[in-house]
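**Student:** Let me begin by handing over the structure; questions about it come next.
The values are calculated or read from the model by the stated rules, or taken from the named source; none is laboratory data. As the structure is a prediction and not an experimental result, all values here were calculated from the model. Cβ placement follows ideal geometry from the backbone for every residue including glycine, while neighbour counts extend to all protein chains displayed.
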Amino acid sequence: MDKIFFVEMKNKQGEYEPLGVMTMAKAIEHSWECDHAALQFTRVRDLSPAGTR
């Protein structure tokens with residue numbers, strides 16, 4: 001099972017906004033789609049993989 005993270009992405013004002021709970025690969029994919037925005041990761045434990053996107 002992939003490790004899952006609570007991910008925040010830096011907005012145009014330079015502040016981090018919640019992006020959601022997902023794998024690192026999904027977060028990086030999303031970052032590339034959004035002009036390579038900076039990401040911040042917090043590891044999540046004891047969450048069913050069904051709750052991720």
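**Student:** Filter segment 28-46 down to the residues that are within 10 Å of I4 (Cα to Cα) and surrounded by 12 or more Cβ atoms within 10 Å (Cβ to Cβ), then identify the one that is farthest from the chain's Cα centre (by Cα). Reasoning before the result, please.
**Tutor:** Looking only at segment 28-46, we keep the residues that are within 10 Å of I4 (Cα to Cα), and these are 41-46.
Checking which are surrounded by 12 or more Cβ atoms within 10 Å (Cβ to Cβ) leaves us with 41, 44.
On the way: F41: 6, V44: 11 Å.
Among those residues, the one meeting the criterion is V44.
**Student:** Let me ask something additional. Please tell me if A27 is small (G, A, S), at pLDDT below 95 and part of a loop (DSSP other than H, G, I, E, B).
**Tutor:** Spelling it out, it is not the case that A27 is small (G, A, S), at pLDDT below 95 and part of a loop (DSSP other than H, G, I, E, B).
**Student:** So, one more: What's the total number of residues in segment 12-46 that are in contact (Cβ under 8 Å) with a residue 24 or more places away in the chain and either touching a His at 6+ places or on another chain (Cβ under 6 Å) or not hydrophobic (A, V, I, L, M, F, W, C) (or both)? Give the derivation first.
**Tutor:** Within segment 12-46, the subset in contact (Cβ under 8 Å) with a residue 24 or more places away in the chain is 16, 20-23, 26, 34, 37-44.
Pick out the ones that are also either touching a His at 6+ places or on another chain (Cβ under 6 Å) or not hydrophobic (A, V, I, L, M, F, W, C) (or both) and you get 16, 20, 23, 26, 40, 42-43.
Going through segment 12-46 one residue at a time, the tally reaches 7.
**Student:** From (1) in a loop (DSSP other than H, G, I, E, B); (2) at pLDDT 85 or above; (3) of a type in the set (D, E, K, R), pick out the condition that doesn't hold for D35.
**Tutor:** Just one mismatch for D35, condition (2).
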